Amino acid sequence: MSMQRILEEIRDEVRPLLHQGTIASYIPELASVPPERFGMAVHTVDGKVFAVGDAGLRFSIQSISKLFTLTLAMQLDGDDLWARVGREPSGNAFNSLVQLEYENGKPRNPFINAGALVVTDVILSHLDNAIETLRDIVRALSGEPTIDFDLAVARSEQATGHRNKAMAYFLKSFQNLDNDPEKVLDAYFHHCSLAMSCHELCQASLFLANYGVAPVSGDFIMTTNQVKYINSLMLTSGTYDAVGDFAYRVGLPSKSGVGGGIVAVMPGQFSVCVWSPGLDASGNSLVGTKALEIFTTKTGISIF
Ligand code: GLN
């Protein structure tokens, strides 16, 4: 069966589930996204593109941005980052504070909020225009110069993100932030607010499927080994405390966000992005997870 036909079958199979998830309303600006939105795209390393539904509509990428901040921090900081952030699944909610106290302010991994705040701090320490640099990297990777922050979403989280604020000050109390917590939070809320489509996210993450080669420029932006590190972290920590069940069902390194997007990569072959805003209890897209499970089942393609 062709890849396009498989995506069409997935779209038809998940349609009855579209209202089962819960839209993230703790960031008020996200609450107004229609729950019936569904898009899915596949971009192959040799330039083929397949898509169904709302794959061209932009949505709030939220924690998927942590893929790009980690990429930049690894480029800037090399292995020094790992003195400040771990590489283990957390087994706790993505925004949990408890583990941080027990583990003396060293977040379990760079994809939970505490770890992502430290990664953002690293970038801020290296760059004067950290957040614009990050946006420019994402624009260059996807070949889309109009990609931007959604300032309404950033402001909405700035106004209500008390838990993230507590976390940043908590990290500071353990000397695990070098910059002013308010500056780190502002940068974090901005990168989470990036608005991108499934197509754009596929392009921007294709280097992870192509051993570090960026799709538009053809440049090596990371070593093959660094790509291995990021993909491994996606598999073990990219989908929060549901990561074990997610890996069992989907079998691809993946990163999700509370905007309902999930990016996954198949090394050597393709990147795939799905978007459906209703979330499950762990904060992963309910239909997105299901769609990826059906995708790897029907294609027979997973890293296993
Ligand atoms: N900006 C969101 C937050 O910090 C990102 C969380 C997510 O997508 N899991 O809560």
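With a 1.4 Å probe and all protein chains left in place, how much accessible area per residue does the chain have, in Å²?
I get 39 Å² per residue for the chain.
Specify the angular offset, from 0 to 90 degrees and rounded to the nearest 10, of the alpha carbon long axis of helix 130-142 from the longest principal axis of the alpha carbons in the chain.
20
Within the chain, what whole-number % of the accessible surface is contributed by carbon and sulfur, with the 1.4 Å probe and all protein chains included in the calculation?
Numbers: 6010 of 11720 Å².
For the chain, the apolar C and S fraction of the accessible surface comes to 51 percent.
Over the chain, what relative contact order in percent results from Cα pairs under 8 Å that are six or more residues apart?
Details: 622 pairs, mean separation 82.9, N = 304.
Dividing the mean separation by the residue count of the chain yields 27 percent.
Nearest 10 degrees, 0 to 90: what angle lies between the long axis of helix 113-126 and the longest principal axis of the chain (Cα atoms)?
Relative to the chain, helix 113-126 is tipped by roughly 70 degrees.
Rg and Dmax of the range 51-186 over Cα atoms: what are they, in angstrom?
15.2, 47
Please go through the residue pairs Lys172/Lys228; Lys165/Lys228; Lys66/Lys106; Lys66/Lys228 and name each one whose alpha carbons sit more than 22 Å apart in this structure. Walk me through the numbers before you get to the answer.
Numbers: Lys172/Lys228 30 Å; Lys165/Lys228 32 Å; Lys66/Lys106 17 Å; Lys66/Lys228 16 Å.
Pairs exceeding 22 Å: Lys172/Lys228; Lys165/Lys228.
Just flag the GluC sites (Glu not before Pro) in the range 57-160 sitting in loop per DSSP whose Cβ has no more than 11 other Cβ atoms within 10 Å. Kindly include the intermediate steps, with their values, before the conclusion.
Numbers: sites: Glu101, Glu103, Glu132, Glu157; in loops: Glu103.
Counting only loop positions with at most 11 other Cβ atoms within 10 Å, none of the GluC sites (Glu not before Pro) in the range 57-160 qualifies.
For the range 3-299, just list the percent of Cα-Cα distances falling in each 5 Å bin from zero outward, please.
Result returned by the calculation: 1, 6, 13, 18, 21, 18, 13, 7, 2, 1, 0.
Out of Pro89, Thr299, Tyr240, whose Cα points farthest toward the positive end of the dipole of the chain (charges: +1 Lys, Arg; -1 Asp, Glu; placed on Cβ)?
Farthest towards the positive end: Thr299.
I'd like the projected area of the range 173-304, averaged over all directions, using the convex hull of its alpha carbons. Report it in nm² with one decimal.
With the hull built on Cα positions only, its mean projection is 9.4 nm².
The values are calculated or read from the model by the stated rules, or taken from the named source; none is laboratory data. Note that the structure is predicted; figures quoted are calculated from it, not measured. Ideal geometry is used to build each Cβ from the backbone, glycine not excepted, and the neighbour counts take in all protein chains shown. Each accessible area value is taken on the protein alone, full model and side chains, heavy atoms only, with ligands, DNA and RNA left out. Shrake-Rupley method; radii C 1.70, N 1.55, O 1.52, S 1.80 Å.
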